[in-house]
Amino acid sequence: MSRYAEPMARLIEELKKLPGVGTKSAQRFAFHILRSTDEDAAALAEAVRGLKASLRLCSICNNVTDVDPCAYCTSPTRNQRLVCVVEEPTSIAAVERARGSQGGYQGVYHVLHGTLSPLHGVGPDQLRTGTLIARVERGELDEVILATSPTLEGEATANWLAGALRGYQVRITRIATGVPAGSDIEYADEVTMASAMEGRREV
């Protein structure tokens, strides 16, 4: 039996589903919401509802967007034949920070929404690769940059995707190890990310 009233216990359980949120953090968040004004609580609930109602995945690149296709895929200032493959939408921000620097990235993106992880039941069929492979098959791309994180899962994903795309008329490159091994790409600083982009290699 929970030591909290049912509505509080339910909120704590839901908050614990968020990444990086344990029991104690969920309890703190729940009690903060309880102490907040009705207006603040309603605004939070409405923001969550609005997020789910308004956002979707881009039909071309799988980035989270409120318009389809997304702003990257329709931008006339970007090279639509150059695609950077990332694990999650949050990784795009790291690449974008390097865009303003000399030699910064000028292409578009493709989001996989995960990496290969057999231990967690994630295989190639669970990654969003369909539209990317189809674009390569149609000859719409000149280069695919594999910018998955330099973790075991990220490397395995990059190797699998390179194998799936090999044989088509497209250049396949991997970002250089300017991004520290074992870290997530979304935490890379501007200089490191720019260096990694400039030092990408054939795979």
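With respect to the conditions (1) at pLDDT 95 or above; (2) surrounded by 12 or more Cβ atoms within 10 Å (Cβ to Cβ), GLU39 lacks only one, and its number is (2). Among the strands (runs of 3 or more DSSP E) confined to the range 82-181, the ones with at least 3 residues that are in contact with a strand residue (DSSP E or B) (Cβ under 6 Å, 6 or more places away or on another chain), farther than 21 Å from PRO69 by Cα and free of Cβ contacts under 8 Å to residues at least 60 places away in the same chain are located at 171-174. Residues of the range 10-21 that are of a type in the set (A, V, I, L, M, F, W, C), surrounded by 13 or more Cβ atoms within 10 Å (Cβ to Cβ) and either more than 13 Å from LEU34 (Cβ to Cβ) or outside the structural domain of ILE33 (by TED's automatic domain parsing) (or both): VAL21 alone.
State all residues of the range 84-126 that are of a type in the set (A, V, I, L, M) and at pLDDT below 95; if no residue qualifies, say none. Listed by number, the residues that qualify are ILE92, ALA93, ALA94, VAL95, ALA98, LEU116, LEU119, VAL122.
I'd like to check something: does the range 17-40 contain any residue that is part of a loop (DSSP other than H, G, I, E, B) and in contact with a helix residue (DSSP H, G or I) (Cβ under 7 Å, 6 or more places away or on another chain)? Yes: one or more hits.
Can you tell me which residues in the range 128-148 are surrounded by 15 or more Cβ atoms within 10 Å (Cβ to Cβ) and more than 17 Å from ASN62 (Cβ to Cβ)? The answer is GLU143, and nothing else. Only one of the numbered conditions (1) under 18 Å from VAL170 (Cβ atoms); (2) more than 18 Å from the chain's Cα centre (by Cα); (3) surrounded by 14 or more Cβ atoms within 10 Å (Cβ to Cβ) is not met by GLY104, and that is (1). Look at THR90 and say whether it is surrounded by 12 or more Cβ atoms within 10 Å (Cβ to Cβ) and assigned by TED's automatic domain parsing to the domain that holds GLN169. Answer is yes for this residue. Looking across the range 43-77, the residues that are assigned to a loop (DSSP other than H, G, I, E, B) and under 19 Å from the mean Cα position of the chain (by Cα) come down to LEU55, CYS58, SER59, ILE60, CYS61, ASN62, ASN63, ASP66, VAL67, ASP68, PRO69, CYS70. Within the range 15-29, being farther than 22 Å from GLU88 by Cβ and not aromatic (Phe, Trp, Tyr) holds for THR23, LYS24, ALA26, GLN27, ARG28. Taking the range 16-35 as the search range and keeping residues that are more than 17 Å from ALA5 (Cβ to Cβ) and of a type outside the set (Lys, Arg), which one is modelled with the lowest pLDDT? Across the range 16-35, the extreme among qualifying residues is PRO19.
The values are calculated or read from the model by the stated rules, or taken from the named source; none is laboratory data. Predicted model only: the values in this text are computed from it and were never measured. When we count neighbours, we look across all protein chains shown, and the Cβ atoms used for this are built from the backbone with ideal geometry, even at glycine.
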